[in-house]
Every structure is written in structure tokens, then in C-alpha cells.
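The values are calculated or read from the model by the stated rules, or taken from the named source; none is laboratory data. Nothing here was measured: the structure is a model prediction, and the numbers come from that model. Using ideal geometry, Cβ is built from the backbone for each residue, glycine included, and neighbour counts are taken over all protein chains shown. We work out accessible area using only protein heavy atoms, side chains counted, and drop any ligands, DNA or RNA first. Shrake-Rupley method; radii C 1.70, N 1.55, O 1.52, S 1.80 Å.
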Amino acid sequence: MRPIALAIHGGAGTLLKGAMTSEKEKNYKDALAFALDEGYAVLDANGTAVEAVEVAVKALEDSPLFNAGKGSVFTAEGTHEMDAAIMEGNTLNAGAVSLITGIKNPVSLARGVMEKSDHVFLAGDGAMRFAKDHGFTLEDAAYFHDDLRYKQWLAIKDSDNFQLDHSDKKDSKFGTVGAVALDYDGNIAAATSTGGMTNKKWGRVGDSPMIGAGNYANNKTCAVSCTGSGEFFIRGVVAYDVSCLIEYKGMSLQDAADEVIQKRIVAIGGDGGLIAIDVHGNIAMPFNTEGMYRAKKSSLGTTEISIYKE
């Protein structure tokens, strides 16, 4: 029987061991474990990789601990602007949304774009019209309100400053969630979702919803979901770069992922990490920051839930 496997992430950044309370660390690990189990159960029940990554990312979006969905940070206008993407590796079908508001699970809207439209990427008002036309329920602003996120915003409100997540720089992390999966049919998929930057202006969009930059899947190579300094990940076309190193240079999944995260993105000033999977069930989760919320589970027998550098 072919293997099945799933990996998820909840963001990377300056996550120092000892700087987080034991209770908070447990909460993060419990949330990661729940999302991992939810997504893996889909695979184990012979579900598709696309279904699995959507379910796993929805679980992370529903947690206020992560900067996506319910936990999304505040923009300069005091609102929430969310981005998401999903892609499956068999046909290279993909869907992405950006600058959306009120959508409980942006990853599901991205999948809707992939499966129910002739397009790949919808943004802003158009994406919202698509959501309403296809019956997506809108949550009011209170659903997305979190006291911690609100305090982060108040600390830099009316300034030109922005933060990738926490207002305390020594505790900052890149607020993104994602999942990659391999199903019993040998297909892979990737999904990524984010609430963006605290106090962001001008409709800024990072790498998360951009196919090839923050999210990519191709059965010939790998599926990738990124988390990092978005502007640099866009310039480096990071997710597709990992795929290219496998396809054109014959690198292994781990070597390709390490080359991009530990060398190429660092060379242009970027930091962060990614999760990746191939059709053989290999998983790579490199990062060049102090930590990355991450977890993986495979029918080959490997299970891991981690935050810090090992």
C-alpha cells in the first residue's frame, strides 16, 4: 500500500525556548496536534490530499493562536484582511484569494475558486462577490476580535510601523499557517493561509496566496507551504524554487528545501521556513529562524510536534 503523510506549520520566527510559559507552549502544541489529527484522519479514510490540507488549515484558522482566520491581526484601518491559497499536484489546479474580510475559513474560499471558477486568483471586492455568490457565510467583526491582537495593533496604531505578528519584536513570528499532504492515490497538495501584518497599509499582499511563491504543488516534485518575510519569499519564488531544484537538478526533497531556506533566501536578506512533501512520503521542514510551529505524521511511522530548534 502507498504511504500517506501530512505536515503542518503555524508560523516561524523568534520563538525562544524558555521565553514562552509552559501553559502557552502546551496550548500551541495541542492546537497543532488537533490540526494534524484532523487532516491525517481524512487521509486515513481514503480522502484526497486536497481535502486533508483544507481540513488541517481550517483547524488552524479556527484557533486564535495563529495569525489566520479567527486569529488574524488588525490592519491600519482596524479591520482584517486575509489571504489563502490551495493547489493540488496531479493537474496543477490552484485557487487563491487575497484582501478578503469576514470569511471564517479563507482556505475554503480558495478551494472554491479552484473548483468553481475558471480563474486561479481573486482579490478584494471581486473575491467577496464570488464568496457571496457561492454561499459562503460572512462572520461579523466580533468573530475575529482577539484582545492580544487588538493590543498589538494599538501599540503601533497611527504610525508607519508594522509587525509580522507580535508587537514585541523579540517574540515576533511570521503569522502564517499551512499544510502539505500525500494521499493513498499518490497525489500531493498544499494549502497556506494568513492574516497578514499588524497595521499593514495600502492593501499589502505577501507570499501566502501567490502560487509559486508561498504555495505550490506538483506530483512530479513536491508540495510546499511557506512562512516567512513575504516580500523576500516573493522575490525568491521560494515554493517553486524548491520544486525546480528537484526537477532540474535532481536534488532530494530535503536538500532542495535546505538549499532554498538556508542559503538562497538568506542571501537576499529573507528569513522564515517551509514545509514540503513528495510522492514518496518524504517530509522536509527547514527554517532559518529560532523556531517554527510545525508537526508531521506519516504511515511510515514518523510523528513530530515541535516549536524550537532541536
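Would you point out which residue out of ILE265, ILE275 is in contact with a His (Cβ under 7 Å, 6 or more places away or on another chain) and under 28 Å from TYR28 (Cα atoms)?
ILE275
Go through the residues of segment 111-120 one by one and say whether even a single one is at pLDDT 95 or above and either assigned to a strand (DSSP E or B) or buried (at least 23 other Cβ atoms within 10 Å of the Cβ) (or both).
Checked segment 111-120: at least one residue is at pLDDT 95 or above and either assigned to a strand (DSSP E or B) or buried (at least 23 other Cβ atoms within 10 Å of the Cβ) (or both).
Listed here are the residues, each with its yes/no results for (1) over 23 Å from ASP62 (Cβ atoms); (2) free of Cβ contacts under 8 Å to residues at least 24 places away in the same chain; (3) of a type in the set (Asp, Glu).
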site	(1), (2), (3)
ASP207	no, no, yes
ASN218	yes, no, no
VAL224	yes, no, no
GLU231	yes, no, yes
LEU245	yes, yes, no
TYR248	yes, yes, no
GLN254	yes, no, no
ILE265	yes, no, no
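Inside segment 193-214, can you point out the residues that are open to solvent by 20 Å² or more (accessible area, probe 1.4 Å) and over 13 Å from the mean Cα position of the chain (by Cα)?
Across segment 193-214, the qualifying residues are LYS201, TRP202, GLY203, ARG204, VAL205.
Can you name the residue in segment 85-107 that is among the β-branched types (Val, Ile, Thr) and open to solvent by 10 Å² or more (accessible area, probe 1.4 Å) and, of all such residues, is nearest to GLY214 (Cα to Cα)?
Here the residue is THR91.
Kindly evaluate ALA19 against the criterion of being aliphatic (A, V, I, L, M) and under 23 Å from PHE287 (Cα atoms).
yes
Taking the options ASP37, ASP83, ASP30, ASP62, name whichever one is more than 16 Å from ALA179 (Cα to Cα) and not aliphatic (A, V, I, L, M).
Matching residue, one of ASP37, ASP83, ASP30, ASP62: ASP30.
Taking the residues in segment 131-146 that are modelled with pLDDT under 85 and under 11 Å from LYS104 (Cβ atoms) as candidates, determine which candidate is most open to solvent (accessible area, probe 1.4 Å).
THR137
Would you point out the residue of segment 1-30, among those that are surrounded by 15 or more Cβ atoms within 10 Å (Cβ to Cβ) and of a type in the set (Val, Ile, Thr), that is nearest to VAL42 (Cα to Cα)?
ILE4
Scan segment 53-80 and report the pairs whose first residue is within 23 Å of LYS24 (Cβ to Cβ) and among the basic types (Lys, Arg) and whose second residue is modelled with pLDDT of 90 or more and assigned to a loop (DSSP other than H, G, I, E, B), with Cβ atoms within less than 8 Å and a gap of 6+ or a chain change.
Qualifying pairs under 8 Å: LYS58/ASN105; LYS70/ASP62; LYS70/SER63; LYS70/PRO64; LYS70/LYS104.
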